[in-house]
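What follows is one structure encoded as structure tokens, with my remarks underneath.
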Amino acid sequence: MNKKEGQAKENLSFESICSTEVQELRYNKPHVLPIYASASFVFEDTEHSMSVFTQKEKGHLYSRYANPTVDSVAQKLALLETYGSDIQADCLLTNSGMSAISLVLSSYLKAGDTVLTQGDLYGGTTELLHKVYRNYGIKTITTDLTDLTQTEQIIKDDPTIALIYAETPANPSLRCIDLKRLSSLAKGHGILTVVDNTFCTPYLQRPLSLGIDIVVHSTTKSLNGHGNSIGGAVIADKKHTQTLWTAYKLIGLNPSPFDTWLLHNGLKTLTLRVKQACINAMKIASHLDQDHRVSVVNYPGLPAHPSHQIAREQMSLFGSMLSFELKGGFEAGKQFMDSVKMITLAPTLGDLDTLLLHPASSSHLNVDKAVREANGITDGLIRMSVGIESDSDLISDISQALDSIASIT
Ligand SMILES: Cc1ncc(COP(=O)(O)O)c(C=O)c1O
């Protein structure tokens, strides 16, 4: 209890009783993490304030810097992302996946630097690089990061490459990048490596233990898993998180304690949810693979997928994301989307329930056809984020939607 809280308030006026803070009546520890909806934290006296401000003593000052709800969940995420290794990492939770990515880019890049990345990144990240960071004199080169010979040649030819940014499995091809080989190549050239681990979560893949320097997440997706808060995370060793913390607090990237609390609720069932979704995804991918109306199924769990072997090596299960191409093109894609009954159409992923996206009629509607096709986004491509429903219900919904295509082709 704060010293001042113990002092009697019985002589206060009605107005002052209304407006002063209450003494917290808490006799024992709550079982579940409380939501600390407090912008600032109280000092005992000036000695205490000096000792916290000079970091002699640990203490909370202001929730843009740090907050007990946020810090507690960040600590759990750092533990999960480094599980099974002896890496000492910290985590900074942010108010969106995009702000986590921006935190890393703005902390490590300067005018004249180049980012080497892949063409099939999350679209928001590609736009961020081309529409925001380009204006600060930061160039982006895209290549196929699964081709390490070509990647090495690009690095040798361009000494301005300061950072390699990767996403694996990539969207929508679900192709996987060999993170161990990529990180050792980058280290040999003194280049920082950053991986967006949103699709996998640390349950399926832990890039830090494969030599990657910094991991980012959109916690909005499978980490939360319930689709009820937007958030992000950056996890790296303490040397990096100290550097990142300066921009974090000064740009103001902190998440709300309530959103973080929702994330924590979701994290508790991460393994159950993700495991079930992966089992369902494998069954759906195998089913679609046998269907004559589908020309291609992209799922790294299928033995014929080009990244099956690398996925086996660096992921513990094959994930809950898949995509497939309908032979009937754009019209077949639209018909399929309009015919599902149980499955939801929504532009997100990683939720408890199965979600569909037809990029050609939604997220990529305004993207030039040649540009989207170069990144594997054809007219008939459907992306599926598989949930934890009964697999037989999912397969029968998919089958009746496929049957409906016959009526239009
Ligand atoms: C792989 C990936 N990274 C980052 C983001 C951005 O996350 P947020 O929407 O939480 O800002 C997304 C969003 O869809 C994503 O799919």
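Only the coordinates and a few stated rules stand behind these numbers; no lab work does. Everything quoted here is computed from the prediction, not taken from an experiment. We place every Cβ from the backbone using ideal geometry, glycine too, and count neighbours over all the protein chains shown.
If amide H atoms are built 1.01 Å from N in the plane of the peptide, which residues on other chains or at least 5 residues away come under 5 Å of the amide H of T140?
Counting only residues 5 or more places away or on other chains, the set is V115.
Restricted to Cα positions, what overall size does region 18-134 have along the principal axes? Three whole-Å values, descending.
So the three principal-axis extents are 55, 34, 32 Å.
Quick one: what are the phi-derived ³J(HN,Hα) couplings along region 391-405, Karplus 6.51/-1.76/1.60 with θ = phi - 60°, whole Hz, x for glycine and proline?
These are the phi-based 3J(HN,Hα) values: 5, 6, 5, 5, 5, 6, 5, 4, 5, 5, 5, 5, 4, 5, 5 Hz.
Residue by residue through region 123-137, what is 3J(HN,Hα) from phi via Karplus (6.51 cos²θ - 1.76 cosθ + 1.60, θ = phi - 60°)? Round to whole Hz and write x for glycine and proline.
Using θ = phi - 60°, the values come out as x, x, 5, 4, 5, 4, 5, 7, 9, 10, 6, 4, 5, 9, x Hz.
Ranked highest first by average number of other Cβ atoms within 10 Å, how do 192-198, 330-336 line up?
Going from most to least packed, we get 192-198, 330-336.
Computed over the Cα atoms of region 361-409, what is the ratio Rg over Rh, Rh following Kirkwood?
Looking at region 361-409, the ratio lands at 1.08.
How would you order 19-27, 302-310, 50-58 from highest to lowest mean count of nearby Cβ atoms within 10 Å?
302-310, 50-58, 19-27
Multiplying the sequence separation of F258 and L12 by 0.36 nm and subtracting their Cα-Cα distance, what value in nm do you get?
Extending this stretch completely gives an extra 85.3 nm.
Give the share of C-alpha pairs in each 20 angstrom bin for the chain, from 0 to the last occupied bin, in whole percents, shortest bins first.
Bin by bin from 0 Å, the calculated values are 25, 51, 20, 4, 0.
At q = 0.07, 0.13, 0.18 Å⁻¹, what log₁₀ I(q)/I(0) does a Debye calculation on the Cα points of region 68-267 give, no solvent, two decimals?
Taken in order of the listed q values, log10 I(q)/I(0) reads -0.18, -0.64, -1.28.
Could you size up the charge dipole of region 332-381 around its Cα centre, putting +1 on the beta carbon of Lys and Arg and -1 on that of Asp and Glu, and report it in debye to the nearest 20?
Roughly 80 debye for region 332-381.
Work out from phi, with θ = phi - 60° and the Karplus expression 6.51 cos²θ - 1.76 cosθ + 1.60, the ³J(HN,Hα) of each residue of region 27-34, listed in order in whole Hz, and give x for Gly and Pro.
So the J values, rounded to whole Hz, are 9, 9, 5, x, 6, 10, 3, x.
Divide by every residue of the chain the summed helix terms, -39500 (n - 2.57) for each DSSP H run of at least 4, and state the resulting mean residue ellipticity at 222 nm, rounded to the nearest 500 deg cm²/dmol.
-11000 deg cm²/dmol
Report Rg(Cα)/(2.2 N^0.38 Å) for region 34-96, keeping two decimals.
Normalised Cα radius of gyration, region 34-96: 1.32.
Where the centroid of each part is defined by its Cα atoms, how far is region 373-409 from region 46-114 in Å?
Centre-to-centre (Cα) distance: 40 Å.
Points 7 angstrom from Cα along the Cβ direction at R181 and F330: gap in nanometres?
Each label point lies 7 Å from its Cα, and together they span 3.8 nm.
Give me the tail of P(r) for region 271-406 as a percent: Cα-Cα pairs with distance above 19 Å.
Here the long-distance tail beyond 19 Å is 47 percent of all Cα pairs in region 271-406.
For L345, enumerate residues with amide H under 5 Å from its amide H, sequence gap 5+ or separate chain, H modeled in the peptide plane.
Sorted by chain and number, the residues that satisfy this are L356.
Is the shape of region 91-143 rounded, prolate or oblate, going by the alpha carbon gyration tensor and its root eigenvalues a ≥ b ≥ c, with a/c under 1.5 for rounded and a/b larger than b/c for prolate?
oblate
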